[in-house]
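**Q** I have a structure here, written as structure tokens, and I will follow up with some questions on it.
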Amino acid sequence: MSMNIPETIEVITREEEDGSRSLDRIELVSSTIEVSKLRERFKEFMSSLQSIIEVHAPTDSPFQLNEIQFSAEITANGDFKLLGTGVGVEAKSAVTFVLQRKSAEK
């Protein structure tokens with residue numbers, strides 16, 4: 001039995017504006033994005049996140065980084081954008097990524 005994997009996915013995003021954002025009204029638009037394009041953009045985004053968090057703690061440190069949470073939004077053209085602080089209501093529609101340290105292999 002073969003699975004039919006869709007070639008496109010529907011994404012609802014904020015309407016792209018010319019730099020001016022209206023705080024009292026947000027226009028939503030529906031976009032169709034190729035899954036392969038979204039996958040590639042996701043890989044690029046995760047690679048960038050990986051390069052940010054590659055932290056090597058001193059060996060004598062009693063602490064280690066176990067988990068990091070990032071929130072991002074997906075734009076109408078499939079780009080992933082990291083959400084910073086102070087985003088407010090817009091972050092409710094964000095995609096949250098939780099990265100955990102891999103277990104040490106024995």
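Each value in this text was obtained by applying a stated rule to the coordinates, not by laboratory testing. Since we're looking at a predicted model, the values are computed, not measured. So basically every Cβ, Gly included, is an ideal-geometry build from the backbone, and we count neighbours across all protein chains shown.
**Q** For K37, what charge total do you get from the other residues with a beta carbon under 14 Å from its beta carbon, if Lys and Arg give +1 and Asp and Glu give -1? Could the numbers behind the result be given before it?
**A** Values: positive: R39, R41, K43; negative: E7, E10, E34, E40, E44, D79.
Residues close to K37 contribute a combined charge of -3.
**Q** What does the charge add up to near T8, with Lys and Arg as +1, Asp and Glu as -1, over the other residues with Cβ less than 11 Å from its Cβ?
**A** Details: positive: K37; negative: E7, E10, E34.
Taking every Cβ under 11 Å from that of T8, the sum is -2.
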